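This report concerns only the one structure given below.
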Ligand code: SF4
């Protein structure tokens, strides 16, 4: 895998305007970061991994339960430092008590707290939910915005949360959500260098995987991470995808 990045000027390009990184390949120039250079062979191999995982996990999807973009935004804010399963236990009562962004805006963080108390950092999370929903009502006509820049203006929303919302609620792929499973699997499958930071893993994946599959690929990695490739040792060598694509498989 090529480890070089593009030009220094491109590395510095972090403005929020369109065509933010003109040195990126066509279709990826709106990204606010430069992509590493990858070869056509590396891209083909990444597509083959995508295909194999797709066939294995045809139902892979976001593990958070929601029925609207604002519910997904709230569930994602709540998922910090806890599991998706824990969030899914708490959100039915919360979503029932506050059906719309306006309901949160009309309420107070204190009134939200009891519903999210089980999830840790509940004061901060209640405040983030209240303020983000209030801003959605006041600044975005009650609709969750569909651009990265607008989402990032909301309290409690960083790039990772925005990517989850854009990818899953709106099918807009603006980046990769790199969690612990995705970081591990990307390196084990040789899609990113072993010493890559989470930031660099995202960039390698963006360079290697077709853009329309970024959100899907996240769920596929998470499915394989949970089912086969666990953090504390996986089913190495017993699995056909691992045997074919993971360098670890032959060492076990
Ligand atoms: S071979 Fe082992 S390390 Fe590699 S993906 Fe499979 S379970 Fe994970």
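The values are calculated or read from the model by the stated rules, or taken from the named source; none is laboratory data. None of the values given here were measured: they were computed from a predicted structure. Cβ: placed from backbone, ideal geometry, glycine included. Neighbour counts: every protein chain shown.
A compact table of results
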item: Members of the range 197-252 found to be near the ligand (Cβ under 10 Å from one of its atoms), buried (at least 20 other Cβ atoms within 10 Å of the Cβ) and in a loop (DSSP other than H, G, I, E, B), listed by number; result: 229, 234, 246
item: Qualifying positions in the range 80-104 - touching a residue at least 40 places away in the same chain (Cβ under 8 Å) and crowded, with 17+ Cβ neighbours inside 10 Å; result: 80, 101
item: Test: residue in the range 10-17 that is at pLDDT below 95 and outside any loop (DSSP other than H, G, I, E, B); result: yes
